[in-house]
Amino acid sequence: MLLAGTLVALARPVAADQYTDQISADQHQKQSIDQQIANLKAEIANAKDQEAKLQSVIAGLDAQISTTEGQIGAAKAQLAVIESNLAAAQAQLDEAKAQLAAEKRQLAKQIVVIYEMQQQSTPINNLLASGSFNSFWADVINGRRISDQELATVDEIHHQQDVIQSDVDAITAQRQQQQAMLGQLAAEQQQLDSQRAVQQAALAFLAYIQAQDQAREQQMQAAAAALDSQIAQLQQEEQLALAAGGGDGRFVWPDSGPISQGFGCTPFAFEPYDPSCPSKHFHSGIDIAGACGNSIYAADSGIAYIEPYQSYGYGNYIIMVHGNGWETLYGHMSGFAVGSGQTVHRGQQIGWEGSTGNSTGCHLHFGVNHNNQWVNPLAYLP
């Protein structure tokens with residue numbers, strides 16, 4: 001919006017403003033724009049610094065995620081080894097149990113044989129009497145009815161079974177620990193992924209803000225360049241106006257003829273509205289009546305600017321800039337004898353009297369402006 005406003009200001013007729021005031025205003029606006037550009041540069045630099053920090057944080061998170069993924073892979077591999085060991089141990093345990101069962105069945109057959117051959121034996125009677133297999137087994141062993149080798153085999157298988165069962169229990173516990181570790185690592189990875197997503201979102205938003213700031217900076221740079229150009233042009237035109245010898249507040253008559261309307265408050269409703277006047281209307285210059293086609297002359301040296309035609313205002317009119325805050329206006333002209341932007345000397349013909357715009361007959365509206373304030377021309381005419 002600031003840039004658009006600046007360009008609109010540049011599009012207005014330069015001569016309609018006072019050089020000194022406009023140059024001062026433009027320079028003040030330029031200082032404001034330069035400050036905004038400096039602020040934007042600082043914001044962009046800060047955004048880049050934050051971006052670098054975010055990139056560093058994201059790189060650290062990526063490294064942690066990579067490490068965690070490696071740990072998860074290693075834990076899964078170790079779990080696979082544990083699962084394999086557990087399967088092998090379980091197979092050994094099953095095999096030992098089967099062998100023990102086979103040995104026990106063999107011993108049972110021998111006991112049956114002993115029972116059948118020695119129905120009247122004391123150990124069997126004791127077994128039948130006590131109902132205790134352990135007591136009977138002890139009696140059998142004491143009676144050396146079963147060989148030491150067979151007993152050693154059964155004991156060895158029992159021992160192997162106990163050892164294998166212990167291994168199975170240890171491996172099962174190890175598997176549970178490994179699975180718990182995998183669960184913990186998975187939770188850590190999920191948390192790291194979540195943190196990384198937040199950092200990436202912050203980085204994307206930071207890039208968006210940075211792009212906006214850079215676009216605004218470009219607009220401000222364009223506005224600053226336009227103001228620099230305008231200031232340079234205004235300074236050049238002011239120097240030209242002063243070089244023409246004007247700008248001392250002393251004027252010559254631009255036209256000859258009686259004054260048909262004076263300066264100040266007026267009863268005519270078609271004049272511009274002014275609430276400070278009792279009549280609420282104000283005439284900003286003097287009207288010099290004369291014949292259509294009379295020559296109109298520059299009241300002082302300066303730069304002439306032909307302004308856009310106003311059907312309900314001054315019609316064809318010229319504003320002349322003389323320097324030192326002085327301007328003159330020549331309204332209702334029928335034609336121009338000079339070009340817009342041309343240097344004109346005091347008393348030089350600039351056009352012809354007419355009745356264009358809001359006019360009741362041929363006359364010249366002559367206005368004097370000093371530092372953006374309309375003053376009575378009669379106070380500055382000989």
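If Ser359 passes every condition in (1) out of contact with any Phe, Trp or Tyr (no Cβ under 7 Å at 6 or more places or on another chain); (2) assigned to a strand (DSSP E or B) but one, which one does it miss?
(2)
Name the residues in segment 290-299 that are out of contact with any helix residue (DSSP H, G or I) (no Cβ under 9 Å at 6 or more places or on another chain) and surrounded by 17 or more Cβ atoms within 10 Å (Cβ to Cβ), would you?
Gly290, Asn294, Ile296, Tyr297, Ala298
Sort through Ala170, Ala207 and tell me the only one that's modelled with pLDDT under 85 and either within 22 Å of the chain's Cα centre (by Cα) or not in a helix (DSSP H, G or I) (or both).
Exactly one of Ala170, Ala207 is modelled with pLDDT under 85 and either within 22 Å of the chain's Cα centre (by Cα) or not in a helix (DSSP H, G or I) (or both), namely Ala207.
With the structure loaded, tell me whether Asp248 is surrounded by fewer than 22 Cβ atoms within 10 Å (Cβ to Cβ) and either among the acidic types (Asp, Glu) or assigned to a strand (DSSP E or B) (or both) or whether it fails that test.
Here the answer is yes, as Asp248 does meet what is asked.
If you take the residues in segment 279-298 that are within 54 Å of the chain's Cα centre (by Cα) and part of a strand (DSSP E or B), which one is nearest to Gly262 (Cα to Cα)?
His283
Looking at segment 357-366, which of the residues that are modelled with pLDDT under 95 and buried (at least 16 other Cβ atoms within 10 Å of the Cβ) is farthest from Tyr309 (Cα to Cα)?
Ser359
List every residue pair whose Cβ atoms lie under 9 Å apart, where the two residues are 6 or more positions apart in sequence or sit on different chains, the first residue falls within segment 317-328 and is closer than 9 Å to Asn371 by Cβ and not assigned by TED's automatic domain parsing to the domain that holds Ser295, and the second residue, located anywhere, is modelled with pLDDT of 90 or more and buried (at least 24 other Cβ atoms within 10 Å of the Cβ).
none
Go through the residues of segment 184-193 one by one and say whether even a single one is charged (D, E, K, R) and over 34 Å from the mean Cα position of the chain (by Cα).
no
Does segment 52-80 hold any residues that are among the aliphatic types (A, V, I, L, M) and exposed (fewer than 12 other Cβ atoms within 10 Å of the Cβ), and which are they?
Passing the criteria: Ala52, Ala59, Ala63, Ala74, Ala77, Ala80.
Do you know which of the residues in segment 299-338 that are outside any strand (DSSP E or B) and under 19 Å from Ala379 (Cβ atoms) is nearest to the chain's Cα centre (by Cα)?
Gly325
The values are calculated or read from the model by the stated rules, or taken from the named source; none is laboratory data. Given the structure is predicted, the values throughout are model-derived calculations rather than measurements. Here Cβ is always computed from backbone atoms with ideal geometry, including for glycine, and neighbour counts include all displayed protein chains.
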